[in-house]
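Scroll down for the structure; my scribbles are underneath it.
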Amino acid sequence: MVRPAHRRPGQSRKAQYSLFVAYVIAVTGAVAGLLLAILSVVDPIGFAQLRLASQEIAAPVARASRSVIGSISGIDDTVGAYVSAGTQNRRLRKELADTRRELVATSSLQEENRQLKALLKLQETDKTALANGYLLTSTSTSSKRIALLSIGRNLGVAAGQPVRGADGLIGRVLGAGPSVSQVLLLTDVDNIVPVRRARDGLPALASGRGNGDLDVRTLNIANNPFKPGDILVTSGTGGLYPPNIPVAIVVRRQDDGALARPLADPGKVDAVSVLRPYTPDNIEAQGRPAPAPLPAPTGTP
Amino acid sequence: MNQKGPRLGEPASLWRMRFVPIASVMFASALPLMLPLIANSPVLPPLGLLFFLCWQLLRAEMWPVWIGLPLGLWDDLFSGAPIGTAMGLWTIASIAIAYSSQRIYWRGFFHDWAIAAASVAIIQSLAALITHPQAATGRVLGLVVPQIIISVLLVPLFMRLTGKFDNFRLKRR
């Protein structure tokens, strides 16, 4: 393509000025935009409403496309399931038999546990969810891992509430709009979760790597006690995530901790629950034998 | 007189000439958030940015240089990056493209590809660094490298698509 004769727009003063003004607007705007970006990193709350408005636009389309296509992440699994159906069937039968035996053993343990708890007058904490919904879609072009939840303020969702799936923790609510809300996924680089090892309660911090894995670091730098296969659960420290929600499984050791994989894959999870944040008020409210809050109706898929 | 057919020499509709490029960029920016895809890493190429760059490389004087401000703001709303990131970076990119089209006398296909590739790489890296200021630089850049490679390979395809849209834009009634 030949170079445009754009540099000097002839003798017309008007054309020259309008070109100059366009450049002035562009440079000023670019600088203002970058300042705005830094401002919105420092204070993400201020711009949340603007973004939620745009997501209210995208959500109906996402709902429709989800109901037509289903979740895209499941495709590879579906194909794989057909290929390995025979061996899988055999393996599953064996597992089922094993599990039945274990279940019998566990039920007796459960009864014993219940009696011991009654003896200690321990109360079961309120595990009912505030609301249930499903993940519609997520940002997939930027390095920020934000998913859209199908329910919003209409069902009592508010910023700061933890979100979990059946398998484990998904993330926390970043902002709630009228009918959708943003969930900051566990794997986001800025999401740090206080965890402990399920086996012995060793405290650690899990932070996202941004590519689907988690970094786990102990508070004690001196040694690296993790082994592949260690299960990490939330510790309840810091007061956002309730304790004992499964988070991740350690995959391998690293120099300064371990690499872990989240137990709940947000791409494959079907329904998620929004929980109450683990704050002193809520803990007290749950401890009281007050009438249990009604479980919120499930968002229709 | 028979007015049903196109009149000889009649220009394309002005409304369509203005609307098609802007609409294509806006739709491409919003599309990733409308797919039922829960991504664990930045897997999709920045569709809006690719269309934005291709339109500017194809039609150098179609847009004023400040067009990155409104289109970037729209992209920021859907991409998840802090608002203002794309506003600033896209506008700087269009200034750079305007400058390069003055410097390079005969810009060919590979020039266009190289300019688009460099722009995508720089914009996506800077956007990731702005999004995560506390995280380690190397790790954040490592996150966007696969996306940049995919985007660079897809640039010719997007050029073609933009060309198709351009034909539609300028088609006589």
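Please treat every number below as a calculation from the coordinates, not as lab data. Worth saying up front: this structure is predicted, and the values here are computed from it rather than measured. Neighbour counts run over all protein chains shown; Cβ positions are idealised from the backbone, glycine included.
Worth a mention:
- Summed residue charge, Cβ within 9 Å of A:Leu184's Cβ, Lys/Arg positive, Asp/Glu negative: +1
- Computed FRET value (nearest 0.05) for A:Thr99 with A:Asp200, which takes r as the C-beta separation and R₀ as 22 Å: 0.30
- For the residues B:Ile67, B:Ile122, B:Ile104, a GNM of chain B with alpha-carbon springs under 10 Å puts the largest fluctuation on B:Ile104.
- Estimated [θ] at 222 nm from DSSP helical runs (n ≥ 4, -39500 (n - 2.57)) normalised by residues in the protein assembly as shown, nearest 500: -16000 deg cm²/dmol
- C-alpha center-to-center spacing [the range B:87-148, the range A:172-188] in angstrom: 29 Å
- The phi torsions of the range B:71-83, fed into the Karplus equation with coefficients 6.51, -1.76 and 1.60 and a -60° offset, translate into couplings of 5, x, 4, 4, 5, 4, 5, 9, 7, x, 6, x, 5 Hz, rounded to whole numbers, with Gly and Pro shown as x.
- Ordering B:Trp15, B:Trp74 from the fewest to the most neighbouring beta carbons within 10 Å gives B:Trp15, B:Trp74.
- Residue-span extension gain [B:Ala136 to B:Ile22] - 0.36 nm each, minus C-alpha spacing: 37.4 nm
- Pairwise FRET efficiency - A:Gln49 versus B:Leu14, Cβ, R0 = 30 Å, nearest 0.05: 0.25
- Residue order, fewest to most surrounding Cβ atoms within 10 angstrom, among A:Asp215, A:Asp281: A:Asp281, A:Asp215
- Once the Cα-Cα distance is subtracted from the 0.36 nm per residue extended length, the A:Asp256 to A:Leu19 segment shows a gain of 79.8 nm.
- Under 5 Å, built H, 5+ apart or other chain: amide partners of A:Val189: A:Arg145, A:Gly210
- For the range B:96-108, the Karplus equation 6.51 cos²θ - 1.76 cosθ + 1.60, evaluated at θ = phi - 60°, returns couplings of 5, 5, 4, 5, 5, 6, 7, 7, 8, 6, 10, 8, x Hz by residue, with Gly and Pro reported as x.
- Residues A:Arg261, A:Arg90, sorted so that the one with the fewest Cβ neighbours within 10 Å comes first: A:Arg90, A:Arg261
- Computed from the Cβ-Cβ distance with R0 of 22 Å, the FRET efficiency linking B:Arg172 to A:Ser12 stands at 0.15.
- Our estimate of slack between A:Asp281 and A:Ala166, defined as 0.36 nm per intervening residue step minus the Cα-Cα distance, is 38.9 nm.
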